[in-house]
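Worksheet: one structure, shown below.
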Amino acid sequence: MTNLTLKQLRYFEALARQGHFGRAADACAISQPALSMQIKELEESLGTALFERSARQVRLTGFGEEFSSRVRDVLRAVDELEDLARASRDRLVGRLRIGVIPTVAPYLLPKLIGDLTRIHDGLDLNVRETVTPKLIRGLEEGRLDTAIVALPVSEPSLTEVALFSENFVLVRPGEDEGKPVPNREMLREMRLLLLEEGHCFRDQALSFCNMHTTKPRELLDGSSLSTLVQMVGAGIGVTLIPEMAVAVETRSASVAVAHFRDPQPSRTIGMIWRKTSPLAEQLLQIAEDVQRSAESLREEKNALT
């Protein structure tokens, strides 16, 4: 076995992750024939097949599964060597791969990206928006440097830094404005609209309502907070959203927003990264920048109300 290259390993990792030559080629910013040739050369160097190919998708062979695990370790180690060199500089420059959960990204990112690029000249932000389990997997596999999520995530391999807390508010049809705000017991009797499975905000809302054992037919799911609020405006039910989402999501819907009595449901938003990351000190600085951006955003919204 000779002539394995990092380029081949990165192409292999992309194909293993995407399960499709076209999507993997797009992810690697190369043509599909070029990717296929590199994978073929890699298999010839190894003397065995890494993928089972079909018309619609590719699957890892048994050897490919084992090889994939080792490749992730190699690529993560290489990335950490690059990070080690970056950490030795006076300031953070180059690529920063940051993940953000969907119930934060649309409301914080527009300001945050502007602030970070202004503060850190030469910083190249790569942003991925997805649910917490996928962000954690991206961190563990070295495909992300850090992520903004709801805490705690309770992963021993990850550092957690709290950034800010925010309350949840009740969104109900516009005609309900001024009516008494239901408590959690009353909410359990209402048609509650929630994000679909996989979103941590769904679990937090269920926890507040103490509805862990609620039957599925009593809930309606949506793919985004925007969808939930529009459904409320159509009179289908009620929902909970975080305060940072109110200004954006309620401006075009016929809904009323109400705050719960204390103790109000809330969440803590924080940043996470690998404990082994050489960029830990720089990421602490980024966390402070994110915290300032969020506070500034909150002050701007309060000034408008």
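The values are calculated or read from the model by the stated rules, or taken from the named source; none is laboratory data. As the structure is a prediction and not an experimental result, all values here were calculated from the model. Note: ideal-geometry Cβ built from the backbone for every residue, glycine included; neighbour counts use all protein chains shown.
Miscellaneous remarks
- All conditions but one from (1) among the basic types (Lys, Arg); (2) more than 13 Å from MET271 (Cα to Cα); (3) buried (at least 17 other Cβ atoms within 10 Å of the Cβ) apply to ARG118; the one that does not is (3).
- Looking only at region 282-305, and only at residues there that are among the β-branched types (Val, Ile, Thr) and touching a strand residue (DSSP E or B) at 6+ places or on another chain (Cβ under 9 Å), the one that is nearest to TYR107 (Cα to Cα): VAL290
- Within region 137-166, restricting attention to residues that are under 25 Å from SER266 (Cβ atoms) and loosely packed, with under 14 Cβ neighbours inside 10 Å, the residue that is modelled with the lowest pLDDT is SER154.
- Subset of region 82-136 that is in contact with a helix residue (DSSP H, G or I) (Cβ under 7 Å, 6 or more places away or on another chain) and of a type in the set (Gly, Ala, Ser) - its residue that is modelled with the lowest pLDDT: ALA87
- In region 209-258, the residues that are part of a strand (DSSP E or B), at pLDDT below 90 and of a type outside the set (A, V, I, L, M): ASP221, GLY222
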